[in-house]
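Written below as structure tokens is the structure these notes are about.
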Amino acid sequence: MKIAIFGAGAIGGFLGVRLLQAGADVTFIARGAHLAAMREKGVTLRSGGESVTVRPLCTDDPATAGPQDYVIITLKAHSLPSAAAQMVPLLGPQTAIVTGINGVPYWYFHGLEGPYRDRPVESVDPGGKLWETLHPSRAIGAVLYPAAEVVEPGVIEHTYGDRITLGEPDGSKIPRVEALSKLLIRAGLKAPVRPRIRDELWVKLWGNLAFNPLSALTGATLDTLATRGDLRAVARSMMVEAQAVAEALGVRFPIDVDKRIQGAAEVGAHKTSMLQDLERGRPMEIDALLGAVVELGQLVGKPMPACELVLTLVRERARQAGCYPAASP
């Protein structure tokens, strides 16, 4: 089975090593110092007190890898529109695209019954270019729970988590998603296939849409945001607004909002990915995590005053740090 990891950084590299160990033919697509180190010394994964080094094909030119069975995308969401054209050489007639990306995916309305069926989400797919280039018929939804970090170029440290939930946008259990699930299980991961992948996507997004931007605005870690009364109240208001939007689109939440907040609190003094990106001067996933949710709220006619306020503030905070495009005049 041929698999390309497009964006083989921390999470992508972790998955790539595990899949290679399970017998897959894996290509790591990356760039910069990390790519140079992987080419020179291989890819080292530290996990569970053990360390392993593998030597897969590592490249910044997808054309050298050719068509794949699966392309697993582990880029940050804002990087996908500009990278999509580079993926075309990886796509054969049957290639599946696994979107291991935070936030609302570009294929969200693909095959979804209702008035918005097959509608692009402008916040994550401006002009529908992703829909056109990486057609949603190829997409397999994925919700990734592992946490990992590139501790130095070519070296990845896996800190926790071993579950990757998969699901076809239309809820079917067809051979391609079941084969990938079996391979991931052989690689030592939990990889259930869910008929309602959007439900699980929203449970993860539910916390991210509130805690990520609030952490960027305040500098607070997850435990503070989830337990200090005033900050918790803001996060909860955002999550309640988002829940109304999701439910209007047919999502069923398996837990209530307070249990989801408690789960975030239990993670402890963790800096969210958005706060880390702000501190490091990197582009921030604002639109996939919150902008798209506000867009969906406008679509279904649900008021989102808290989400809209925080979205405006975090966009401006990111602009001032050079981590978000400048506002239109």
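The values are calculated or read from the model by the stated rules, or taken from the named source; none is laboratory data. The shown structure was predicted, so the numbers you read here are calculated from the model rather than taken from an experiment. Neighbour counts are summed over all protein chains in view; Cβ atoms, including those assigned to glycine, are modelled from backbone coordinates with ideal geometry.
Just for helices (runs of 4 or more DSSP H) wholly inside the range 229-300: which have at least 2 residues that are among the aromatic types (F, W, Y), surrounded by fewer than 17 Cβ atoms within 10 Å (Cβ to Cβ) and at pLDDT below 95? Outline the logic, then answer.
Working: elements: 229-248, 257-267, 273-279, 292-300.
Where helices (runs of 4 or more DSSP H) fall fully within the range 229-300, none carries at least 2 residues being among the aromatic types (F, W, Y), surrounded by fewer than 17 Cβ atoms within 10 Å (Cβ to Cβ) and at pLDDT below 95.
Would you check if A63 is over 26 Å from I286 (Cα atoms), surrounded by fewer than 17 Cβ atoms within 10 Å (Cβ to Cβ) and in contact with a helix residue (DSSP H, G or I) (Cβ under 6 Å, 6 or more places away or on another chain)? Working first, answer last.
Working: over 26 Å from I286 (Cα atoms): yes; surrounded by fewer than 17 Cβ atoms within 10 Å (Cβ to Cβ): yes; in contact with a helix residue (DSSP H, G or I) (Cβ under 6 Å, 6 or more places away or on another chain): yes.
Against the criterion (over 26 Å from I286 (Cα atoms), surrounded by fewer than 17 Cβ atoms within 10 Å (Cβ to Cβ) and in contact with a helix residue (DSSP H, G or I) (Cβ under 6 Å, 6 or more places away or on another chain)), A63 qualifies.
Hey, among D230, D223, which residue is touching a residue at least 40 places away in the same chain (Cβ under 8 Å) and among the charged types (D, E, K, R)?
D223
Filter the range 84-111 down to the residues that are under 15 Å from the mean Cα position of the chain (by Cα) and more than 10 Å from L134 (Cα to Cα) and list them by number.
From the range 84-111, those under 15 Å from the mean Cα position of the chain (by Cα) are 97-108; that's our starting set.
Result: V98, T99, G100, I101, N102, G103, V104, P105, Y108.
Would you mind telling me which numbered condition in (1) buried (at least 16 other Cβ atoms within 10 Å of the Cβ); (2) within 18 Å of the chain's Cα centre (by Cα); (3) touching a residue at least 24 places away in the same chain (Cβ under 8 Å); (4) not assigned by TED's automatic domain parsing to the domain that holds G250 E122 fails?
(1)
Test each condition in (1) more than 19 Å from the chain's Cα centre (by Cα); (2) in contact (Cβ under 8 Å) with a residue 12 or more places away in the chain; (3) closer than 27 Å to Y160 by Cα for L249 and report the one that comes out false.
(3)
Residues that are among the β-branched types (V, I, T) and more than 25 Å from V143 (Cα to Cα): does the range 29-49 have at least one?
Just the residues of the range 29-49 that are among the β-branched types (V, I, T), to begin with: 29, 43-44.
Subsequent filtering for residues that are more than 25 Å from V143 (Cα to Cα) retains none.
Looking for residues that are among the β-branched types (V, I, T) and more than 25 Å from V143 (Cα to Cα), one finds none in the range 29-49, hence no.
Between residues in the range 254-269 that are at positive phi and not assigned by TED's automatic domain parsing to the domain that holds T221 and residues that are in a loop (DSSP other than H, G, I, E, B) and modelled with pLDDT of 95 or more, which pairs lie under 9 Å by C-beta distance while being six or more apart or on different chains?
none
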